Amino acid sequence: MNNQRFEYASVEWLWDSSNLRCNLPNGEEFTRTGTYGEVVTMLTELGSEGWDVASCVANSNWLYWTLKRVIS
């Protein structure tokens, strides 16, 4: 039986205004301004902290990623 536990975070990007927002499970939120390069940088930084993209949805000018990582 798999006893892994996960925690979740989210990344939101409004591409027409270049606004990025990340929400972490401890209530921490940080924002950045940027385009494609900054999105890749943010996801890469989160990946180096153990976060994996679980899903992504998009509509109009908006992309939203749900991330998860194993709780040690």
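Please treat every number below as a calculation from the coordinates, not as lab data. Everything numeric here is computed off the predicted structure, so don't read it as measured data. Positions of Cβ are generated from backbone atoms using ideal geometry, with glycine treated the same way; all protein chains shown enter the neighbour counts.
For Tyr8, indicate whether it is surrounded by fewer than 14 Cβ atoms within 10 Å (Cβ to Cβ), among the aromatic types (Phe, Trp, Tyr) and part of a strand (DSSP E or B). Steps first, answer last, please.
On the way: surrounded by fewer than 14 Cβ atoms within 10 Å (Cβ to Cβ): yes; among the aromatic types (Phe, Trp, Tyr): yes; part of a strand (DSSP E or B): yes.
So Tyr8 passes the test.
I need the full set of residues from the range 1-54 which are of a type in the set (Ser, Thr, Tyr) and farther than 15 Å from Arg69 by Cα, in order please. Give the steps one after another, and end with the answer.
Within the range 1-54, the first condition is being of a type in the set (Ser, Thr, Tyr), and the residues that meet it are 8, 10, 17-18, 31, 33, 35-36, 41, 44, 48.
Matches in the range 1-54: Ser17, Ser18, Thr31, Thr33, Thr35, Tyr36, Thr41.
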Close pairs from the range 1-22: first in contact (Cβ under 8 Å) with a residue 60 or more places away in the chain, partner loosely packed, with under 13 Cβ neighbours inside 10 Å and assigned to a strand (DSSP E or B), Cβ under 9 Å, at least 6 apart: Gln4/Val70; Arg5/Val70; Phe6/Val70; Glu7/Val70
